[in-house]
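Trainee: Handing you a structure now.
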Amino acid sequence: MIKFPKDFIWGSATSSYQIEGAAREGGRAWSIWDAHAHTPGRTHKDETGDIGCDHYHRYKEDVKLMADLGLKAYRFSISWSRIQPDGQGEVNREGIEFYSNLIDELLTHNIKPWITLYHWDLPLALQTEKDGWLNPEIADFFEKYAGICFKHFGDRVKNWITLNEPWVVAILGHGEGIFAPGRKSKSEPYQVAHQLLRAHGKAVSLYRQKYNPLQNGKIGITNNCDWREPLTNSEVDRDAAKRSLEFFIGWFADPIYFGDYPEVMKERVGDRLPRFTDEDKAMIKGSSDFFGLNHYTGLYASDVDENSDVQNEVYGNGGLFEDQYVQLTADPDWKMTTMNWAIIPWGCRKLLEWISNRYNNPPIFITENGCALDDQLIDGSVNDTVRKEYVEEYLKACHQAIQNGVNLKGYFVWSFMDNFEWALGYSKRFGIHYVDYETLERTPKNSALWYKETIKNNGF
């Protein structure tokens, strides 16, 4: 068994709309995901997160399962519309009470809460009344909401994540339209990303100036990225792989670490790419105490002539193809999850090293990693050997990255339990706990038992 550093953080993760349920209880108002899921044809079998995993009512049971698993940290997101139903005005005291009770329950079991302020469930009123993330005012609304959370929870919460995967909000929500709010555009993703970064910057600035002097915590952002391996060793394919990474993670990380968007984006996107003011740059640069990374998979990248009629067969994984001209392909010999995501742990190591080299070796936390499989409950158990091997091999890749000098500080497996998988509804299972969607009973899979042994064997 490989050994990780003594201060390494072992956790698991979820998000509010995917597990909480109680969509109309406790003063919560609809989010854009409630509206999206209730629009026929937008999710698998028109399934919704109305009930989810019923975590709202069963959080004590769930925390007990976490403790039994040996988790030392639990990353969860707050439903903005449960805290501030319209995203703008009065605070919902029942929402404050729910999350306060959850935090206390975690601490009672010696589990550190890691809070994500935004995991895609924007209050619906902000979308319908204010144009959501397209409106520059959204950064001010988010700052106010973040302040409410810092005020009520920051005495006990020492680890904050402002945004989860802003790339998904921009590309899948406003480029391809398959996620809420379901918009399709070639220009909106860049506008949305810009306001997301401004919102992140404002929230971090507020935390550092007003709350952190007394609360003494850490705050950052979580970005997602797949590895891009050059299809060949040619210069054009190496450039294509680099370009794809810069359009993917550099889009959001470069402003935070360097103060502006990657040069290749400025050149190729042109006037559709917004410009930061000097005030924005000063606010955003340096606005993350750690590098949060969600990573699952990777693909080969090759250059495409801009005059050709080739289309990217995996469009969604690369952003806006017309701006990058990068072809993404998979090796037919690679093993795949049920999401058709390649299982290539060496890509995880290479991405960690790429991030470390580009951004001056920041502390990195893998805030999500896992795989979707067609799990079956047989005789009261789930023998998910592939997921066990997946986690084992990715952790080996993480360990190798640490040995190579990467400052990797923690790993959160996605997900703690099977849940509502966005547009795919309940058809895909990512959890290390099996959820029977009829009874909502939870059953540890053998990957969960293996993860428990990993934590134990590393001396935690």
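The values are calculated or read from the model by the stated rules, or taken from the named source; none is laboratory data. Remember, predicted model here, so these are calculated numbers, not experimental data. For neighbour counting, all protein chains shown are included, and Cβ atoms are generated from backbone atoms with ideal geometry for every residue, glycine included. The protein model used for the area step is the full one, side chains on, heavy atoms only, and it has no ligands, DNA or RNA in it. Shrake-Rupley method; radii C 1.70, N 1.55, O 1.52, S 1.80 Å.
Trainee: Quick one: check the C-alpha center-to-center distance for region 344-386 versus region 401-452, whole angstrom.
Mentor: Computed from Cα coordinates, the inter-centre distance equals 10 Å.
Trainee: Just to confirm my numbers, what's the Cα centroid distance between region 132-193 and region 96-112 in Å?
Mentor: Measuring centre to centre over Cα atoms gives 24 Å.
Trainee: Oh, and also: What helices does the chain hold that run 18 Å or longer along their axis, going by alpha-carbon atoms, with a Kyte-Doolittle average of 0.0 or more, using DSSP H for the helix calls?
Mentor: Span-like helices, by this rule, are 138-153.
Trainee: While we're here: What is the chain by shape, rounded, prolate or oblate, if you read a ≥ b ≥ c off the alpha carbon gyration tensor as root eigenvalues and call it rounded for a/c under 1.5, prolate for a/b larger than b/c, and oblate otherwise?
Mentor: In terms of gyration-tensor shape, rounded.
Trainee: Shape call for region 209-286 from the C-alpha gyration tensor, a ≥ b ≥ c root eigenvalues: rounded (a/c under 1.5), prolate (a/b greater than b/c) or oblate?
Mentor: oblate
Trainee: With N set to the residue count of region 249-364, report its C-alpha Rg divided by 2.2 N^0.38 Å to two decimal places.
Mentor: 1.22
Trainee: Moving on. Return the distance in nm (one decimal) between the two label points of a simple spin-label model at Glu61 and Asn216, each offset 7 Å from Cα along Cα→Cβ.
Mentor: My value for the distance between the label points is 3.8 nm.
Trainee: Please label the shape of region 335-381 as rounded, prolate or oblate, based on the square roots a ≥ b ≥ c of the eigenvalues of the alpha-carbon gyration tensor (a/c under 1.5 means rounded; beyond that, a/b larger than b/c means prolate, else oblate).
Mentor: Prolate shape, in that a/c is at least 1.5 and a/b is the bigger ratio.
Trainee: Could I ask something else about it? What list of ³J(HN,Hα) values in whole Hz, one per residue of region 263-272 in order, does the Karplus curve 6.51 cos²θ - 1.76 cosθ + 1.60 (θ = phi - 60°) give from phi, with Gly and Pro shown as x?
Mentor: Those phi angles translate into 4, 5, 6, 4, 5, 8, 8, x, 5, 6 Hz.
Trainee: What whole-number distance in Å separates the alpha-carbon centres of region 242-280 and region 16-81?
Mentor: After rounding, the separation between the Cα centres reads 33 Å.
Trainee: Right, something else. So, R0 is 25 Å and r is the distance between the beta-carbons of Ser427 and Leu107; what FRET efficiency does that work out to, to 0.05?
Mentor: 0.10
Trainee: Keeping to pairs on different chains or 8 or more places apart, tell me how many lysine pairs in region 350-460 have Cα atoms under 14 Å apart.
Mentor: Qualifying lysine pairs in region 350-460: 4.
Trainee: Now for a separate question. Check cross-link reach from Lys266 to the aspartates and glutamates: straight Cα distance under 13 Å, and skip same-chain residues fewer than eight apart.
Mentor: Glu246, Asp254, Asp323
Trainee: Stokes-Einstein D for region 111-204 at 25 °C, 0.890 mPa s, Kirkwood Rh over Cα pairs, in µm²/s?
Mentor: The Stokes-Einstein estimate is 180 µm²/s.
Trainee: Same structure, new question: Suppose R0 equals 25 Å. What FRET efficiency, 1/(1 + (r/R0)^6) with r the Cβ-Cβ distance, do Asn233 and Glu267 give to the nearest 0.05?
Mentor: Here the calculated transfer efficiency is 0.55.
Trainee: A further question follows. Show that you can apply the helix-only estimate: for the chain, add -39,500 (n - 2.57) for every DSSP H stretch of four or more residues, divide by all residues, and state [θ] at 222 nm to the nearest 500.
Mentor: -11500 deg cm²/dmol
Trainee: Quick one: 3J(HN,Hα) in Hz for region 273-290, Karplus 6.51/-1.76/1.60 with θ = phi - 60°, rounded, Gly and Pro as x.
Mentor: Here the 3J(HN,Hα) series is 8, x, 10, 7, 6, 4, 5, 4, 4, 5, 6, 7, 4, x, 8, 8, 7, 7 Hz.
Trainee: Additional query: Separation between the Lys396 and Asp50 pseudo-spin-labels, each 7 Å from Cα along Cα→Cβ, expressed in nm?
Mentor: 4.6
Trainee: Follow-up. What distance in nm separates the two pseudo spin-label positions at Glu97 and Asn446, each 7 Å out from Cα along the beta-carbon direction?
Mentor: Taking the simple label geometry, Glu97 and Asn446 are separated by 4.5 nm.
Trainee: Here is a follow-up. Quick one: what are the phi-derived ³J(HN,Hα) couplings along region 2-18, Karplus 6.51/-1.76/1.60 with θ = phi - 60°, whole Hz, x for glycine and proline?
Mentor: 6, 10, 9, x, 4, 8, 5, 9, 10, x, 9, 9, 8, 9, 4, 5, 6
Trainee: Could you give the accessible area per residue of region 351-434, probe 1.4 Å, as a whole number in Å²?
Mentor: For region 351-434, the solvent-accessible area averages 33 Å² per residue.
Trainee: Once neighbouring chains are kept in place and the probe is 1.4 Å, which whole percent of the accessible area of the chain is contributed by carbon and sulfur?
Mentor: Carbon plus sulfur share of accessible area: 47 percent.
Trainee: Also, I was wondering about something else. Scan around Gly370 for amide H atoms under 5 Å from its own, H built in the peptide plane at 1.01 Å from N, and keep only partners 5 or more places away or cross-chain.
Mentor: Result for Gly370 returns Trp414.
Trainee: For Ala35 and Asn404, what does the FRET efficiency come to when R0 = 41 Å and r is the distance between their Cβ atoms, rounded to the nearest 0.05?
Mentor: Once rounded, the FRET efficiency stands at 0.35.
Trainee: For region 174-229, report the accessible area per residue in Å² (1.4 Å probe, heavy atoms, rounded to an integer).
Mentor: In whole numbers, region 174-229 has 36 Å² accessible per residue.
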